Amino acid sequence: MSKLILVTGGAGYVGSHCVLEFLNKEYNVIVIDNLVNSTIINGNGLPESLIRVQHLTGKKLKQFIDGDLRDSELLDSIFSNNNIDVVIHFAGLKAVGESIAKPLLYYDNNITGTINLLKSMEKFKVNKLVFSSSSTVYGEPEELPITEHFPTGQNCTNPYGRTKYMLEEIMKDLCVASPDWSIMSLRYFNPVGAHFSADIGEQPNGEPKNLMPYITQVAVGVRKELKVFGNDYKTSDGTCIRDYLHIEDLAVGHLKAIDKIYNNNFPGFHAINLGTGRGYTVLEVIQAFKMATGVKIAYKIVDRRPGDACAVYADARLAHEVIGWKATRGLQDMCSSAWKWQQKNPNGYRSKVK
Ligand code: NAD
Ligand code: WQD
């Protein structure tokens with residue numbers, strides 16, 4: 001019998017790419033998403049991202065539930081009506097600036113929502129979980145590359161980052177209290193790009209806060225120029241270094257994580273970096289985009305963005321050792337897939353499929 005996976009936040013950017021992989025692997029999938037950051041267009045109750053995922057895979061979700069993780073009765077009913085094998089937990093709010101302005105919203109949504117999920121899981125004896133964590137838990141690292149043993153939480157510069165840190169601590173405590181739990185916390189570095197079909201991708205709301213969607217919007221003419229935040233960092237060209245990771249590699253990482261926690265006896269809490277292990281400066285990304293697409297990005301150097309770390313990249317060896325995962329796609333692929341998605345979908349999921 002095929003495994004049944006409950007995916008929270010499966011309509012979002014990372015979730016939709018992962019659901020596509022899960023369906024391709026013949027898993028049964030239930031998605032719960034409150035659509036706070038997703039788009040419904042056709043009035044049939046399914047977000048456009050998941051309509052496209054079903055179309056691309058030729059497979060159907062077992063169920064889509066338009067619901068909120070803060071609704072504990074709803075969660076209990078999902079677990080009581082289904083024999084769920086594994087939970088993949090993407091649902092959360094993720095905008096750093098908004099989290100500074102609205103900390104209670106972030107603590108309520110991300111922490112309360114996750115505690116409800118964990119309580120339902122405990123009640124119905126489902127104890128295998130893959131959690132979306134973030135390199136943001138490391139803050140500004142003292143050394144590079146960043147291994148999973150580095151301290152977390154101390155340098156988080158915003159409430160969003162602190163929710164990821166706090167949730168990891170809660171999950172660790174749970175695993176200490178009960179050996180039945182098996183939790184894998186995947187600390188993503190900088191996921192970018194889109195599925196090769198260019199039918200699913202990242203749809204930022206309003207002015208993008210992240211580098212790659214900003215670049216593609218400049219390339220397509222929606223924005224005039226990219227503001228490069230600071231060129232006085234101690235790096236080769238003065239701009240910040242990040243570990244960009246192709247979204248399709250990230251999705252494969254989730255498949256490997258499921259295989260590990262489901263097929264092996266792998267109790268306890270395990271944090272794993274998902275990155276390439278290679279960092280690029282902002283100017284290198286701009287250059288790579290030109291190489292990959294032929295489009296030159298207009299930019300100007302502006303002041304540093306408060307809270308930005310100078311350089312962040314992963315030591316990605318543990319992912320290889322523990323789950324047998326390694327990123328295979330490079331920066332050019334990330335740029336060209338992001339550009340293809342932007343061109344094919346100038347209005348994100350509101351664009352017609354061509
Ligand atoms: P996203 O906003 O595209 O997807 C998150 C989904 O969760 C959305 O569809 C949203 O509607 C849903 N959601 C939010 N709160 C909910 C709630 N209370 N109940 C039900 N659904 C809810 O974000 P994403 O980029 O796909 O990120 C997925 C996860 O990965 C998040 O937890 C995020 O913090 C984490 N993460 C993302 C990145 C990144 O750069 N994209 C990096 C590191 C970690
Ligand atoms: C990358 C680089 C900017 C925009 C964020 C979150 C983090 C994680 C991933 C979820 C930096 C520079 C950016 C622009 C620029 N998300 N930049 N001009 O800051 O590494 O991480 O996303 O967990 O929590 O903080 O990613 O894409 O915003 O920035 O110069 O318009 O691009 O300074 O050096 P970041 P990013």
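Can you give the relative contact order of segment 4-350 as a percent, counting alpha carbon pairs under 8 Å and 6+ residues apart?
19 percent
To test your reading of the geometry: what angle, between 0 and 90 degrees and rounded to tens, separates the Cα axis of helix 13-24 from the longest principal axis of the chain?
The helix 13-24 is inclined about 60 degrees to the chain.
Could you calculate the contour length gain from D76 to K209, that is, 0.36 nm times the residue separation minus the distance between their Cα atoms, to one decimal place in nm?
The span from D76 to K209 would gain 44.3 nm if fully extended.
Which one of S134, S77, S182 has the biggest mean-square fluctuation once the chain is modelled by GNM with Cα springs under 10 Å?
Comparing S134, S77, S182 in the GNM, the peak value goes to S77.
Once neighbouring chains are kept in place and the probe is 1.4 Å, which whole percent of the accessible area of the chain is contributed by carbon and sulfur?
Result for the chain: 49 percent of the exposed heavy-atom area is carbon or sulfur.
Please work out, to two decimal places, the log10 of the ratio I(q)/I(0) at q = 0.13, 0.18, 0.19, 0.21 Å⁻¹ from a Debye calculation in which every Cα of segment 19-68 carries one identical scatterer.
-0.27, -0.52, -0.58, -0.71
Using only helices, what value at 222 nm comes out for the chain when you add -39,500 (n - 2.57) per DSSP H run of length 4 or more and divide by the total residues, to the nearest 500 deg cm²/dmol?
Rounded to the nearest 500, the figure is -11500 deg cm²/dmol.
If you take all C-alpha pairs in the chain, what percent of them are over 36 Å apart?
16 percent
Taking a cut-off of 26 Å between Cα atoms, list the lysines near K123, but don't count ones fewer than 8 places away on the same chain.
K3, K62, K164, K172, K260
Hey, in the GNM for the chain with a 10 angstrom Cα cutoff, which one of A194, A11, A311 fluctuates hardest?
In the Gaussian network model the winner is A311.
With a Förster radius of 35 Å, plug the Cβ-Cβ distance of K296 and R317 into 1/(1 + (r/R0)^6) and report the FRET value to the nearest 0.05.
So, using R0 = 35 Å, E works out to roughly 0.45.
Excluding residues on the same chain fewer than 8 positions from K125, give the aspartates and glutamates whose Cα lies under 15 Å from its Cα.
Candidates past the 8-residue exclusion: D76, D85, D180.
Take peptides 196-206, 154-164 and line them up by average Cβ neighbours within 10 Å, highest first, as a rough protection proxy.
154-164, 196-206
To the nearest 10 degrees, how steep is helix 247-263 against the longest Cα principal axis of the chain, on a 0 to 90 scale?
Taking Cα atoms only, the helix is inclined about 30 degrees.
As an exercise, use a Förster radius of 41 Å and the Cβ-Cβ distance of E225 and T39 to find the FRET efficiency, rounded to the nearest 0.05.
Using R0 = 41 Å, I get an efficiency of 0.90.
Report the dimensions of segment 274-349 along its three principal axes from the alpha-carbon atoms, largest first, rounded to Å.
Result, largest extent first: 40, 33, 26 Å.
Can you give the accessible area of L318 in Å² (nearest 10), computed on protein heavy atoms with a 1.4 Å probe?
We get 50 Å² for L318.
What angle do you read, to the nearest 10 degrees and between 0 and 90, between the alpha-carbon axis of helix 113-123 and the longest principal axis of the chain?
30 degrees
For segment 4-350, what is the accessible area per residue in Å², given a 1.4 Å probe and the full set of protein chains?
Dividing the accessible area of segment 4-350 by its residue count gives 43 Å².
The values are calculated or read from the model by the stated rules, or taken from the named source; none is laboratory data. Bear in mind the structure is a predicted one, so any value in this text is a computation, not a measurement. No Cβ is skipped: glycine too gets one built from the backbone with ideal geometry, and neighbour counts run over all protein chains shown. For the accessible areas, the whole protein counts, side chains as well, though only heavy atoms, and no ligand, DNA or RNA atoms are used. Shrake-Rupley method; radii C 1.70, N 1.55, O 1.52, S 1.80 Å.
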